[in-house]
Structures are given as C-alpha cells and as structure tokens.
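*Asks:* One structure is given below, represented as structure tokens, and several questions about it will come after.
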Amino acid sequence: MGTVIGILALQGGFEAHAKIVRALGAEAHEVRVPADLEGLDALIMPGGESTVMTLGIEREGLGRPLRELARSGTPVFGTCAGMIMLDRDHLGLLDVRAERNAFGRQLRSFEADIEVAGLRGGPVHAVFIRAPWVSEHGDGVEVLARVDGHPVAVRQGNLLAVAFHPELAGEARLHELLLALAAGRSGEGHTPAVSRSE
Ligand code: GLN
C-alpha cells in the first residue's frame with residue numbers, strides 16, 4: 001500500500017487538501033473518529049474555524065489520540081486554523097502561541113508570494129484568510145517564513161504549520177515536504193523540491 005495521509009475532516013477545508021495529496025500519488029483518508037487515525041503515515045489539520053474544530057475534537061474524543069499520534073513522531077501539517085489547533089493553548093503539541101485573526105478579521109484576507117526556508121523553486125503563493133500569526137515560540141521552533149516580521153510558517157521536528165492556505169493556490173510543495181517527512185527522507189536534501197534549511 002502507498003503512503004496514507006489522514007485529513008481531519010470534522011469541519012473546514014479538508015477536500016482541497018485531499019486533492020493535492022492524491023495528485024502527489026498518496027492516499028487521502030478523512031479522519032472523523034479516533035479509529036480513522038490507525039495506519040496513517042501523516043496527518044493534515046486543515047483550515048476552518050478553530051472554535052468549531054475544538055468542539056468537534058472534544059465531541060469525538062480525538063484530543064488524546066491526536067496527541068499520541070503526533071508524539072509518536074508521525075508528521076502533522078496544520079494550515080491556518082490547523083496551526084491554531086496545534087498550538088500551546090489547544091492541542092499543546094507545537095511550542096507556539098498562535099494569535100487568531102491576527103491580520104484583522106475580514107479585510108485582511110490577502111494573497112502574497114512568500115519565501116519559505118528550505119523550499120526550492122521560488123516563492124510560495126500563499127492565501128491568507130482571517131489568518132493567525134505566531135506571536136510567541138520556543139527555542140525548538142524553526143521559523144520558515146514571515147510576513148511583516150511575524151512568523152507564518154514554522155517547523156518543530158515532525159510538526160509543520162503554516163498560517164495560510166497553500167492548498168487553495170495549487171501549491172503542493174509543503175504537502176511534498178510532509179510526504180518526505182513521512183518517508184523519513186527529510187534530512188537528505190534529495191526529496192521532491194525540498195531540503196532542510198539548517
Ligand atoms: N480565523 C479562523 C480561526 O480563528 C481561521 C481561519 C482559517 O482557517 N482560514 O480559527
């Protein structure tokens with residue numbers, strides 16, 4: 001069987017992620033209950049509304065199994081609300097504080113081309129929708145990209161999080177990075193379009 005990527009599908013933009021995952025030749029499995037986490041090579045936490053996602057995770061009893069999955073080393077990629085879900089105040093996996101709606105509520109939805117450390121092939125076209133930014137982070141967190149000086153892409157070991165939506169811009173390189181992490185190839189430099197910056 002090929003690489004299986006779980007996508008938290010309680011709420012929010014999980015379908016666009018599934019499309020990219022399939023285009024990269026991996027299987028996309030929607031995750032709604034704890035049993036759906038079995039056998040995953042990596043997990044994506046999509047954008048949406050972190051308040052609603054928090055309630056769904058509680059309702060389904062997904063908090064503990066999600067933490068166990070991430071702590072066992074399975075790569076996890078959070079986008080926008082998914083970044084918020086990974087932070088200190090939510091699942092407590094990523095050593096960051098994500099500030100919700102940091103760019104402002106409605107008017108600060110915007111697109112930007114940003115350099116992401118370690119991604120080859122030019123800037124990433126990033127779609128920001130009522131996006132957070134990282135307002136605080138621990139020493140173990142590597143900042144991969146900033147907008148106006150604020151971290152919007154971070155990595156901490158097997159955890160990757162971005163404040164924007166790469167999946168809405170047809171940007172597949174972060175998903176490629178997730179697949180590379182899942183294959184344990186991240187340190188070698190010879191991965192699809194990615195390398196480590198440190
Ligand atoms: N503003 C949302 C929140 O705070 C995140 C928006 C998004 O995921 N596009 O959860």
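Read the figures in this text as sums done on the coordinates, not as results from a lab. All values derive from a computational prediction rather than experimental measurement. All Cβ positions, glycine included, derive from the backbone under ideal geometry; neighbour counts span all protein chains shown.
*Asks:* So who's got an amide H within less than 5 Å of the one on ARG146, skipping anything under 5 residues away but keeping other chains? H placed 1.01 Å off N, in plane.
*Replies:* When sequence neighbours closer than 5 places are left aside, the close amide H contacts are VAL152.
*Asks:* Summing -39500 (n - 2.57) over the DSSP H runs of n ≥ 4 in the chain and dividing by its residue number, what mean residue ellipticity at 222 nm do you reach, to the nearest 500 deg cm²/dmol?
*Replies:* Taken over the chain, the calculation gives -6500 deg cm²/dmol.
*Asks:* What's the FRET efficiency of ASP113 with LEU55 using the Cβ-Cβ distance as r and R₀ = 35 Å, to the nearest 0.05?
*Replies:* 0.50
*Asks:* According to the square roots a ≥ b ≥ c of the eigenvalues of the Cα gyration tensor, what is the shape class of segment 1-79, taking rounded for a/c under 1.5, prolate for a/b larger than b/c otherwise, and oblate for the remainder?
*Replies:* oblate
*Asks:* Please list the non-local residues whose amide H lies under 5 Å from the amide H of ASP89, H modeled 1.01 Å from N, same-chain partners needing a gap of 5 or more.
*Replies:* When sequence neighbours closer than 5 places are left aside, the close amide H contacts are ALA98.
*Asks:* May I pose another question? Mind checking the full-extension length gain between VAL33 and GLU15? Use 0.36 nm per residue of separation minus the Cα-Cα distance, one decimal, nm.
*Replies:* Here the segment from VAL33 to GLU15 would lengthen by 4.8 nm.
*Asks:* Of all beta bridges DSSP finds with both residues in the chain, what is the antiparallel percent, to the nearest 5?
*Replies:* Among the beta bridges of the chain, antiparallel pairing accounts for roughly 60 percent.
*Asks:* Residue by residue through segment 36-43, what is 3J(HN,Hα) from phi via Karplus (6.51 cos²θ - 1.76 cosθ + 1.60, θ = phi - 60°)? Round to whole Hz and write x for glycine and proline.
*Replies:* Per-residue couplings from phi come out as 5, 7, 6, x, 7, 8, 6, 9 Hz.
*Asks:* Sticking with this one: Please list, in order along segment 56-72, the HN-Hα scalar couplings obtained from phi with the Karplus expression 6.51 cos²θ - 1.76 cosθ + 1.60 (θ = phi - 60°), rounded to whole Hz, x for Gly and Pro.
*Replies:* Here the 3J(HN,Hα) series is x, 5, 5, 4, 8, x, 8, x, 5, x, 5, 5, 4, 4, 5, 6, 7 Hz.
*Asks:* Remind me, what semi-axes does the chain give for its equivalent ellipsoid, largest first in whole Å, using sqrt of 5 times each Cα gyration tensor eigenvalue?
*Replies:* 22, 21, 16
*Asks:* Under the rule of at least 5 residues apart or a separate chain, name every residue whose amide H is placed under 5 Å from the amide H of GLY13.
*Replies:* GLY47, GLY48
*Asks:* Work out the FRET efficiency for ARG146 and ARG71 from their Cβ-Cβ distance, taking R0 = 25 Å, and round it to the nearest 0.05.
*Replies:* 0.35
*Asks:* So what are the ³J(HN,Hα) numbers for segment 160-174, from phi and the Karplus equation (6.51, -1.76, 1.60; θ = phi - 60°), rounded to whole Hz, Gly and Pro as x?
*Replies:* 10, 8, 10, 7, 10, 10, x, 5, 8, 10, x, 8, 9, 5, 6
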